[in-house]
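Asker: My questions will all concern the structure given below.
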């Protein structure tokens, strides 16, 4: 017997005063607050303990000993109550290409795929890798894994074979689900070919299931590779849902860090689902009739929380968008809004800046009358883009929720509440319930009062918080809790204005936020140094009109490797990074230099490289400790030459 959540939810937020009362309760009495919020989802066995927190060990437990399956909240209850309601609408690569799955059809498809996984030996706790285009099968596969207790690891379809292989090995995935190809604008990405390269020689992957997305034929290895459609035709739709403990793993999702190896963030079942469900409801003011379009790929956490789990748990219709927002032209996104009567649009500043370059006409030629709310995610949004989004795209009538959060957080942490929080262009505004931001200086001293500025850390815990780095809890503690003991360090800088609003100022560690994707500089440098000519590489970010942050690589060559055409070598180095990581990591600029600014101990002074990249030549600080200060003159000369 499942525990049915009451609707509407317990905490009713009608105005800013209600928000402040609920927020105070959430930080002063978190167990009471989240016990009420947990009633949003269905439980086989309700939890007896809301939270257990051991900050010193970075060990967090939420809704302890509760039993559930995410499918009962995301699929089953809606399939019973509103079986004909659209659950997923797919907007394909080509204009006018749409496909709809009702909640009943979604339950049937999830059940069949779950039975396929079981037939191929997947059991509770096994890891399954999903390397797919943005098609309904991606969401179906995530839910099918959750239904049988398998742990899904979704890998963005733009990653290379090498990156895919690293993640499969790290998570120990026994089954890989991919597609023959992934249409992306005018070209098709050969996913199956990339997947075959990734698992070449890997005995750990026992089965490969292949979605036939295009008509292209691909090699199929007998006994290992199977067409998904044929496998699903063999299975019935009924599949009993596995009873999962609230702290059982739901998924592993990889994010880049300041060290070379990406981190597999482990998210668990109960806390993650409660947080995704609650934040979706509050931030997007979820209504039963909503058509929610989030343009994120499910290979990223935004796709997990606000394309799949959050919308479905709230019973709204979610749109999965395969098409790039600018294909075949800059009106495509707005045409989809009109065609599907989208009510909520959640997208990235990078996408908006790209669309804005085409001018207002592609927007104005569509109606967009169904829109009631706009959202921004992935990176700080500049005021000019915010105003264009509000005035032109939203006809000055839609609130904007400018959201800040991370893969590690599982859901939105700081955001306006629509119709409640007064907006400021470029500010994420106020923290959500249970979120306790602190601004700290380099020594860990809390910066009190308003205004203030510092490194952004979070006190306490919240249900959606990642529980560990897969396979290395020590790395989890050292990465997030060592710099400021007992506090979670976000890696972002932030300022708080006179009204207490938060403004994210960007990364303060060695991670670049490129088009909303986090890329570790160490991973990029490792990829560059795999080229036979490269002796050393140092990567920094620089302001980019479209991406927000561009990638600038400084490269020195091995002795005797100067017999090249610089343009050819730069092209080869870019291809090296594309091969090692994927197209999203391709450097925007590569500068071949004679040396890097180093201290006498051999440490590269990245601070100098960052300031040169920003054009702040008069703000380099003390360079007298460098082995060869003349290197700085060369770097500045190159930068000026580039700008001219």
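Asker: Just checking, which of 67, 99 is surrounded by fewer than 21 Cβ atoms within 10 Å (Cβ to Cβ), at pLDDT 95 or above and closer than 30 Å to residue 345 by Cβ?
Answerer: Working: 67 fails: closer than 30 Å to residue 345 by Cβ.
One residue alone meets the criteria, 99.
Asker: For the range 504-618, which fully contained helices (runs of 4 or more DSSP H) count at least 2 residues that are farther than 22 Å from residue 639 by Cα? If you could, list the steps in order and put the result at the bottom.
Answerer: On the way: elements: 521-529, 566-580, 606-613.
Helices (runs of 4 or more DSSP H) meeting the threshold: 521-529, 566-580.
Asker: Here's a follow-up. Answer yes if at least one residue in the range 71-80 is free of Cβ contacts under 8 Å to residues at least 60 places away in the same chain, in a helix (DSSP H, G or I) and over 27 Å from the mean Cα position of the chain (by Cα), and no otherwise. Quick ask: steps written out before the conclusion?
Answerer: Within the range 71-80, the first condition is being free of Cβ contacts under 8 Å to residues at least 60 places away in the same chain, and the residues that meet it are 79-80.
Next, only the ones that are in a helix (DSSP H, G or I) stay: 79-80.
Filter once more, keeping what is over 27 Å from the mean Cα position of the chain (by Cα): 79-80.
So far as the range 71-80 goes, yes, one or more of its residues are free of Cβ contacts under 8 Å to residues at least 60 places away in the same chain, in a helix (DSSP H, G or I) and over 27 Å from the mean Cα position of the chain (by Cα).
Asker: Of these, 498, 442, 478, which one is farther than 30 Å from residue 41 by Cβ, free of Cβ contacts under 8 Å to residues at least 40 places away in the same chain and assigned to a loop (DSSP other than H, G, I, E, B)? Working first, answer last.
Answerer: On the way: 498 fails: free of Cβ contacts under 8 Å to residues at least 40 places away in the same chain; 478 fails: assigned to a loop (DSSP other than H, G, I, E, B).
Result of the check over 498, 442, 478: 442.
Asker: Checking residue 546 against (1) surrounded by fewer than 21 Cβ atoms within 10 Å (Cβ to Cβ); (2) at pLDDT below 95; (3) in contact with a strand residue (DSSP E or B) (Cβ under 6 Å, 6 or more places away or on another chain); (4) closer than 30 Å to residue 424 by Cβ, only one condition comes out false. Which one?
Answerer: For residue 546, the failing item is (3).
Asker: Restricting to the range 134-169, name every residue that is in a loop (DSSP other than H, G, I, E, B) and either in contact with a helix residue (DSSP H, G or I) (Cβ under 7 Å, 6 or more places away or on another chain) or not assigned by TED's automatic domain parsing to the domain that holds residue 183 (or both). Working first, answer last.
Answerer: Filtering the range 134-169 for residues in a loop (DSSP other than H, G, I, E, B) gives 134-135, 149-150, 155-160.
Once the filter is applied, which keeps residues that are in a loop (DSSP other than H, G, I, E, B) and either in contact with a helix residue (DSSP H, G or I) (Cβ under 7 Å, 6 or more places away or on another chain) or not assigned by TED's automatic domain parsing to the domain that holds residue 183 (or both), the range 134-169 yields 150, 155, 157, 158, 160.
Asker: A follow-up question, please. Just to be sure, is residue 434 touching a strand residue (DSSP E or B) at 6+ places or on another chain (Cβ under 9 Å), surrounded by 21 or more Cβ atoms within 10 Å (Cβ to Cβ) and in contact (Cβ under 8 Å) with a residue 60 or more places away in the chain? Give the steps one after another, and end with the answer.
Answerer: Working: touching a strand residue (DSSP E or B) at 6+ places or on another chain (Cβ under 9 Å): no; surrounded by 21 or more Cβ atoms within 10 Å (Cβ to Cβ): yes; in contact (Cβ under 8 Å) with a residue 60 or more places away in the chain: yes.
So residue 434 fails the test.
Asker: What residue, of 572, 580, 553, 537, is more than 15 Å from residue 513 (Cβ to Cβ), buried (at least 18 other Cβ atoms within 10 Å of the Cβ) and modelled with pLDDT of 90 or more? Spell out the reasoning first.
Answerer: On the way: 572 fails: buried (at least 18 other Cβ atoms within 10 Å of the Cβ); 580 fails: modelled with pLDDT of 90 or more; 537 fails: modelled with pLDDT of 90 or more.
Sole residue among the options that is more than 15 Å from residue 513 (Cβ to Cβ), buried (at least 18 other Cβ atoms within 10 Å of the Cβ) and modelled with pLDDT of 90 or more: 553.
Asker: Do we have residue 511 as in contact with a helix residue (DSSP H, G or I) (Cβ under 8 Å, 6 or more places away or on another chain), crowded, with 23+ Cβ neighbours inside 10 Å and closer than 24 Å to residue 254 by Cα here?
Answerer: Values: in contact with a helix residue (DSSP H, G or I) (Cβ under 8 Å, 6 or more places away or on another chain): yes; crowded, with 23+ Cβ neighbours inside 10 Å: no; closer than 24 Å to residue 254 by Cα: yes.
So residue 511 fails the test.
Asker: Let me ask something else. Among the residues of the range 339-355, are any surrounded by fewer than 19 Cβ atoms within 10 Å (Cβ to Cβ) and within 18 Å of residue 98 (Cα to Cα)?
Answerer: yes
Asker: Quick one: in the range 333-357, of everything that is in a loop (DSSP other than H, G, I, E, B) and modelled with pLDDT of 90 or more, which residue is farthest from residue 318 (Cα to Cα)? Walk me through how you get there before you give the answer.
Answerer: Of the range 333-357, the ones in a loop (DSSP other than H, G, I, E, B) are 341-343, 348, 357.
With the extra rule that they be modelled with pLDDT of 90 or more, the set shrinks to 341-343, 348.
Working: 341: 12, 342: 9, 343: 11, 348: 17 Å.
Here the answer is 348.
Asker: Sticking with this structure for a sec: Working only within the range 111-121, note down all residues that are farther than 19 Å from residue 212 by Cα and buried (at least 24 other Cβ atoms within 10 Å of the Cβ).
Answerer: Residue satisfying the conditions is 111 alone.
The values are calculated or read from the model by the stated rules, or taken from the named source; none is laboratory data. Model, not experiment: these values are computed from the prediction. With ideal geometry, Cβ positions are generated from the backbone for all residues, glycine too; neighbour counts draw on all protein chains shown.
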